[in-house]
1. For segment 89-106, give me each residue that is assigned to a helix (DSSP H, G or I) and in contact with a Lys or Arg (Cβ under 9 Å, 6 or more places away or on another chain).
2. Does segment 277-290 contain any residue that is under 20 Å from Val393 (Cβ atoms) and in contact (Cβ under 8 Å) with a residue 60 or more places away in the chain?
3. May I ask you to list the residues in segment 124-150 that are more than 17 Å from Phe21 (Cα to Cα) and either without any contact (Cβ under 8 Å) to a residue 40 or more places away in the chain or in contact with a Cys (Cβ under 6 Å, 6 or more places away or on another chain) (or both)?
4. For segment 107-130: of the residues being assigned to a loop (DSSP other than H, G, I, E, B) and surrounded by fewer than 18 Cβ atoms within 10 Å (Cβ to Cβ), which is nearest to the chain's Cα centre (by Cα)?
5. Any chance you could count how many residues in segment 151-182 are part of a helix (DSSP H, G or I) and either free of Cβ contacts under 8 Å to residues at least 40 places away in the same chain or not charged (D, E, K, R) (or both)?
6. Among the residues of segment 95-130, which ones are closer than 25 Å to Thr257 by Cβ and of a type in the set (Val, Ile, Thr)?
7. I'd like to know if segment 364-380 contains one or more residues that are modelled with pLDDT of 90 or more, in a helix (DSSP H, G or I) and basic (Lys, Arg).
8. If I filter segment 63-84 down to residues being under 19 Å from Glu117 (Cβ atoms) and of a type in the set (Ser, Thr, Tyr), which single residue comes out as surrounded by the most Cβ atoms within 10 Å (Cβ to Cβ)?
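The values are calculated or read from the model by the stated rules, or taken from the named source; none is laboratory data. Treat the numbers as computed from the prediction; the structure is a model and nothing was measured. For neighbour counting, all protein chains shown are included, and Cβ atoms are generated from backbone atoms with ideal geometry for every residue, glycine included.
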Amino acid sequence: MAYWFFFSYAHADYNDYLGTFYRDLEGEVRQLTGDPLAGIGFLDRKDIEHGATWDATLERGLKNCKVFVPLYSPSYFRALYCGKEFAVFRERLHDFLLRSGAAVADSLILPVLWNPEDNVLPRIPPSINKIQYKHGGYPAPYLTAGVSQMVKLGVAPNTKYYNEYWDFVREFAKTIVMTVDKLVLPPHTTTLTPLADVQGPFPTVNTAGESGPRYVQFIFVAGNQSELQAAQRKDLKFYGQQGGSDWQPYLDKYKGTATALAIEAIEAVSKDLRFEPVALSKGIVEQVRLAASQDKIVVVMIDTWTLQDPKYSQWMAPLDTYSSVNCITLITWNEDDQEATLVKGQLEDAVKAAFTTKVEQSPSNFLHNKIKSYDTFKIELIKALGQAQADIVAGAVIKRELPLASVTSSNAEFGTKPSF
């Protein structure tokens, strides 16, 4: 089956808003073409990052799509397998153009700014930075807010970006159809290059000789708007409909989500670190233990207002008496939030109730009163991540040396044992 477009995105970016944008775009292209919905867009929800071969469904999409639509974000350019998807389609396109005697071009690659241009532009690799991501008369928020914010604030009538969002979706759907009308790319008939052999255009992490954790999991403890309203929060602008990663803790200073904040922080620590979102569950200690067994750092990023909801405070309670060098617990404060300033004592009480032991002992990986703003958030989290890396590496060295010390001690003892 031929698809009008292949939707390429970082799994770290996937949420309901991304799904909504995909379905809206798919619907608009269907309206323009009259084709069955099943042949419009290709979106794969399988994680292939630990596989050695292409998933059969994913391979079918890459071999049969007419246009490639990558969602540009900081996460996208850190996702190794997004780069592989990009490289496979680009090779398919260039090979066809060369065989046709046409000039090599990237005309069937139509990027979308999922995040604001200012966040994305510095991260576009030089090998693909000539590919145009402004394909038509798109509304101004496309560049300044990115599609992620346009869909978030524009899915319902009378919301901030409703008209701009739908203007963009319709215009981009037209761009897809007009692009295909100009150049029809036939299906790829041979087997794709093996997944492990595909060299993507994005910088790759060289792990040779490196030690220490390479993944940082983030668990975002933030309720949705309905939950915060029930917790007597009046200013709900910081929260989304889904809760968790669509939370914007420093909206007045930083328009990005908690996910974007997290990615910025880990990139500042090391380009070798990779962001990995994890959904919050009741068994948070089990989540942290599993991450520790996989040599991963976990950052539990908590909204103070959300702790007033008994459900969330109960979920956090087991973390109070659990300690691990791989786990950073981070309580976010926002000194620009006037409502929080008025009830600061009440919010502090909620933190103390959930983390009685940690507040009293104040371990270095429990940040409950240092983060007061967007700027201090980055400073303190970067320091904590660096310390966690160092502690984990030091622990690994001790574990390696202990067996050696044991053997040495045993041998020495054997050598001095009197013979009879």
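1. Within segment 89-106, Arg92 is the sole residue that qualifies.
2. no
3. Pro126, Asn129, Lys130, Ile131, Gln132, Lys134, Gly136, Gly137, Ala140, Thr144
4. Initial filter on segment 107-130 (assigned to a loop (DSSP other than H, G, I, E, B)): 107-108, 110-111, 114-116, 124-125, 129-130.
Filter once more, keeping what is surrounded by fewer than 18 Cβ atoms within 10 Å (Cβ to Cβ): 107, 125, 129-130.
Values: Ser107: 27, Pro125: 18, Asn129: 21, Lys130: 25 Å.
Here the residue is Pro125.
5. Just the residues of segment 151-182 that are part of a helix (DSSP H, G or I), to begin with: 151-152, 162-182.
Remaining after also requiring either free of Cβ contacts under 8 Å to residues at least 40 places away in the same chain or not charged (D, E, K, R) (or both): 151, 162-169, 171-173, 175-181.
Number of matching residues: 19.
6. Our first condition is that a residue be closer than 25 Å to Thr257 by Cβ; within segment 95-130, this holds for 110-125, 128-129.
Once the filter is applied, which keeps residues that are closer than 25 Å to Thr257 by Cβ and of a type in the set (Val, Ile, Thr), segment 95-130 yields Val112, Val120, Ile124, Ile128.
7. No, the conditions are met nowhere in segment 364-380.
8. As a first pass, look at segment 63-84 and keep what is under 19 Å from Glu117 (Cβ atoms): 69-78, 82.
Narrowing the set further to residues that are of a type in the set (Ser, Thr, Tyr) leaves 72-73, 75-76.
Values: Tyr72: 27, Ser73: 30, Ser75: 25, Tyr76: 24.
By that ranking, first place goes to Ser73.
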